[in-house]
C-alpha cells in the first residue's frame, strides 16, 4: 500500500490505515543521464498545491507538509473574492474542496472563511480554512519559493497582486514566480520586471518576443507538450526551465526527462518520490532563491525535516500532516485596506 493513500468513498474521503514500513525508495535508473553539463545546478522540488496527496490542497497544512517533505517551492492557485480579496483555491467554485457551495467570485472573504476546507481529506483536518494570499505568503516567506498560479480575477488583478507582494516584503527579496497563461499575460504585466512571470512554452518565436518585451527569465513546459527540442528552445534563450511532470509521467520517467533537459524546477504531485530520487543522486536543492535567481541563505528552521529516505516513514509523515494553526501575525483581517488587497 502506498504512503498515506486516500480512498474516495460516497460519503467522503477516508484515510486508509498506514504501515510503519519505509516509504518510497528511489529506484536505480535504467536510463543514463545524457547531458552532464546540466548538473552544474541542483534541482528545486516544487509541491503542486503544496501537497494534495497528504493534506487538503492549497491549505496551510498542505504547505507545511510540502516543506517538511523537502519542497523548496510551493505552487498554489489564486482567485479573487466578491469583495476583492485574493484567496488560495484552485476551482472557480468552493464545492469540491470545502463543505460549501458557490462561486468564489460571488462570495465575500467572510463567507469563504466560514467554510471547512479540510474535513473532506480526513477528520484531523476539520476546521482548516481557505487561506488568503497574504496568509500563505506570510507562512511560506523565507522557507520556500512562492509560485502563484493565477486563475483569474478583475482587470486590476495585476496591480492588486503587485501591491500585496510589495507590502509583504517580496520585492527584491525571496523569489516569486507567477504562472502567466497566454490570455492573462497582459493583465499580469504590472508585475514584470519586479516579479518573475512564468509563461508556458508555445513556440520559439513567442519565447523570443516575451523575453524581449517582458524580460521573462523562467518558462514552464507541460508534460503533455514536453520534448527535448522544446526544452532546448527554452534554455537556449537563457531562460530557467520549469517542468511540470504531473500525471502519467510523475515518476522516474518524468524526472529523468526533466534532468536531461536541464530543468532547475520540477513540479510534482509526488514529493515523496521526487525528493528521495533527487537526493539519492546529489541533485536535490535545499536552498531557496532570491528574486535574481541567486542563492538565498535559508534560516535553520527552513531545513528539510526529512534528511534521508529512511526518515520518510509512514508514521513520520502522518504525524506531520496534522493541521498547523496560522500564527496570529499571519492572519489577514478585513481591516487591511481594500487598496492593497
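The values are calculated or read from the model by the stated rules, or taken from the named source; none is laboratory data. Since the structure is predicted, the reported quantities are computational estimates derived from the model, not experimental observations. All Cβ positions, glycine included, derive from the backbone under ideal geometry; neighbour counts span all protein chains shown.
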| field | Top-ranked residue of the stretch 128-159 - restricted to ones that are in a loop (DSSP other than H, G, I, E, B) and free of Cβ contacts under 8 Å to residues at least 40 places away in the same chain, ranked as surrounded by the most Cβ atoms within 10 Å (Cβ to Cβ) | value | 141
| request: For the stretch 273-284, indicate whether the set of residues that are farther than 23 Å from residue 175 by Cβ, assigned to a loop (DSSP other than H, G, I, E, B) and touching a strand residue (DSSP E or B) at 6+ places or on another chain (Cβ under 9 Å) is non-empty. | output: no
| So, in the stretch 256-272, of the ones that are part of a helix (DSSP H, G or I) and in contact with a strand residue (DSSP E or B) (Cβ under 9 Å, 6 or more places away or on another chain), which residue ends up farthest from residue 177 (Cα to Cα)? | 257
| Residues 34, 82, 53, 28: which one is modelled with pLDDT of 50 or more, within 18 Å of residue 134 (Cβ to Cβ) and assigned to a loop (DSSP other than H, G, I, E, B)? | 82
| remark: Selection over the stretch 97-116 where residues are under 19 Å from residue 61 (Cα atoms), out of contact with any helix residue (DSSP H, G or I) (no Cβ under 8 Å at 6 or more places or on another chain) and not in a helix (DSSP H, G or I) yields a count of 3
